[in-house]
Each structure stands twice: as C-alpha cells, then as structure tokens.
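For reference, the structure is listed below as structure tokens.
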Amino acid sequence: MAYISKCEGTNCPIKAECYRYTAADGFRQAYMETPGKFVNKEFRCSFFWLRNTYDRTHDLSQKYIKQFNEKAKQ
C-alpha cells in the first residue's frame, strides 16, 4: 500500500517507470493530476520517482536493519 499521492499518469510518456503511477493503491488513496509537461520538446516532471530506485532503497534499508539486529545480538 502506497502512503503517497499517486499520479494519474494521463499522457505521461514515462509512467510505466514511475513509482507514483505503478505503486499499489492504498485505502483512501490520494491522487494528483499528472504534473509532468513538455518544455522545449523535453518531458519534465519534478514528482517522478524511479520505480527501481525505490525498490533498491527499500532493499538496502531492510539489509541495514538486519545487520543492525545481528550486531545487537553479540
């Protein structure tokens, strides 16, 4: 469940790679209109959150917690 404002992804060319679009809906999920736009033929979006980066960050967080718990047992 995503505790973020998700993006509707309307006319967004990179929505398949964005965590704000692909995350599973939560209970009473909040949405925002697609914030991205084309400027001088380049797509720009200040709310883009690369899906794989989120996954790696989460995995590293869990690894750190596991290491911390192992050291605490010593």
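Amide H to amide H, with H built 1.01 Å from N, C7 comes under 5 Å of Y21, M32, counting only residues 5 or more places away or on other chains. With a 1.4 Å probe rolled over the protein heavy atoms of all chains, the accessible area of R44, R51 falls in the order R44, R51, largest first.
Estimated at the nearest 10 Å², the accessible area of I14 is 60 Å² with a 1.4 Å probe. Exposure check, 1.4 Å probe, all protein chains in place: F68 carries approximately 120 Å² of accessible surface. Across the protein chains, with a 1.4 Å probe defining accessible surface, the residues E33, E42 rank E33, E42 from largest area downward.
Counting 0.36 nm for each residue step from F47 to E33 and taking away their Cα separation leaves a gain of 3.9 nm.
Excluding residues fewer than 8 places away in the same chain, name every one of the lysines whose C-alpha is closer than 24 Å to that of K37. Filter leaves K6, K15.
Taking all protein chains together and rolling a 1.4 Å probe, F38 ends up with roughly 130 Å² accessible. Placing R0 at 30 angstrom, the Cβ-Cβ distance between N40 and Y3 gives a FRET efficiency of 0.30 after rounding to 0.05.
The values are calculated or read from the model by the stated rules, or taken from the named source; none is laboratory data. Keep in mind that what you see is a predicted model, and the values were worked out from it rather than measured. Here the Cβ is made from the backbone with ideal geometry for all residues, glycine too, and neighbour counts use every protein chain on show. Protein only, heavy atoms only, side chains kept; ligands, DNA and RNA dropped before computing areas. Shrake-Rupley method; radii C 1.70, N 1.55, O 1.52, S 1.80 Å.
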